[in-house]
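The numbers here are math on the coordinates, done by the rules we state, and not lab data. Computed from a predicted structure; not experimentally measured. Quick reminder, even Gly has a Cβ in these numbers, built from the backbone with ideal geometry, and neighbours come from all protein chains shown.
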Amino acid sequence: MRTPSEVAELIHIAMEKINDEKAITRFQLSLKGFGGLAQREFVDQHYLASLTSELNGLGWCMFQISHTSYSLIRHESASKFRKLSSETLLSYINGDESE
C-alpha cells in the first residue's frame, strides 16, 4: 500500500511526463483510479484529505466533483481564473447589476 505522499509524487511525476508530450493542466480521476495508484481496495476520506494536502504542496488542487470522481488542476491554471468579489455577486443576487 502506498501513502498519500507517495501517490501524490506518482501523480506529479506522471503529469510531468505527460506534459512533455501534451500540455495538460487539469484532469479527472475516479476513486477506483486512486485505489489503483494507492494499491488499496478502499480509499477513505482521511486518505483523500491527506492526498489533497500532499498534491497542494506539489502545485495541484484536488476537489470532489461527484460521489466517485475528483478533478485535479494545476495551481498556475487555477490562479488565472477570473476573480469576482462578494460585492459583485451580491449586486447580481439583489438585482443591482448596474452598480
| message | What is the ratio of the Cα radius of gyration of the range 39-94 to 2.2 N^0.38 Å, with N the residue count, to two decimals? | response | 1.53
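How high is the FRET efficiency between residue 77 and residue 10 when r is their beta carbon distance and R₀ equals 25 Å, given to the nearest 0.05?
Here the calculated transfer efficiency is 0.75.
Starting from the Kirkwood radius over alpha-carbon pairs of the range 1-53, derive D by Stokes-Einstein at 20 °C in a medium of 1.002 mPa s and give it in µm² s⁻¹.
184
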| Summed residue charge, Cβ within 15 Å of residue 72's Cβ, Lys/Arg positive, Asp/Glu negative | -2
| task | Find the relative contact order for the chain and round it to a whole percent, using C-alpha pairs within less than 8 Å whose residues are 6+ positions apart. | result | 29
| said: Give me the net charge for the shell around residue 10: Cβ to Cβ below 15 angstrom, other residues only, Lys and Arg +1, Asp and Glu -1. | reply: -1
